[in-house]
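First comes the structure, then the notes that go with it.
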Amino acid sequence: MKAIVNPDICIGCTLCVQSCPGVFRMEGDKAVAYLDPVSKELEACSRQAADECPVTAIAIQ
């Protein structure tokens, strides 16, 4: 699976980084998904981060 953060939508709230730091990190004022592909043990927290994103900037594929 793959997690993608849309930088045009991301507001830099850091919720994804807090939920799943093994996949997401901040670069400047935007979040990025730096683990590709997402490992099996981090899939649940990646989905949680996508669900919690207040502006739905995270896509899970």
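Here, each number is a calculation from the coordinates, and none is a lab measurement. The structure displayed is predicted, hence computed values, not measured ones. Virtual Cβ from ideal backbone geometry, glycine too; neighbours counted across all protein chains shown.
Quick one: which of SER39, SER19 is polar (S, T, N, Q), touching a helix residue (DSSP H, G or I) at 6+ places or on another chain (Cβ under 7 Å) and farther than 10 Å from ALA57 by Cα?
It is SER19.
In the stretch 3-50, what residues are within 10 Å of the chain's Cα centre (by Cα) and among the charged types (D, E, K, R)?
Matches in the stretch 3-50: ARG25, ARG47.
Looking at the stretch 23-31, can you tell me whether even one residue there is among the small types (Gly, Ala, Ser), part of a loop (DSSP other than H, G, I, E, B), out of contact with any Ser or Thr (no Cβ under 6 Å at 6 or more places or on another chain) and in contact (Cβ under 8 Å) with a residue 24 or more places away in the chain?
Within the stretch 23-31, none of the residues are among the small types (Gly, Ala, Ser), part of a loop (DSSP other than H, G, I, E, B), out of contact with any Ser or Thr (no Cβ under 6 Å at 6 or more places or on another chain) and in contact (Cβ under 8 Å) with a residue 24 or more places away in the chain.
Would you pick out the residues in the stretch 49-61 that are of a type in the set (Val, Ile, Thr), surrounded by 15 or more Cβ atoms within 10 Å (Cβ to Cβ) and closer than 16 Å to CYS13 by Cα?
Residue satisfying the conditions is ILE58 alone.
Quick check on SER46: is it of a type in the set (Ser, Thr, Tyr) and either touching a helix residue (DSSP H, G or I) at 6+ places or on another chain (Cβ under 8 Å) or surrounded by fewer than 13 Cβ atoms within 10 Å (Cβ to Cβ) (or both)?
no
Of all residues in the stretch 1-22, how many are exposed (fewer than 13 other Cβ atoms within 10 Å of the Cβ) and either in a helix (DSSP H, G or I) or touching a residue at least 60 places away in the same chain (Cβ under 8 Å) (or both)?
1
Before we move on, is GLN48 free of Cβ contacts under 8 Å to residues at least 24 places away in the same chain and not in a strand (DSSP E or B)?
Spelling it out, it is not the case that GLN48 is free of Cβ contacts under 8 Å to residues at least 24 places away in the same chain and not in a strand (DSSP E or B).
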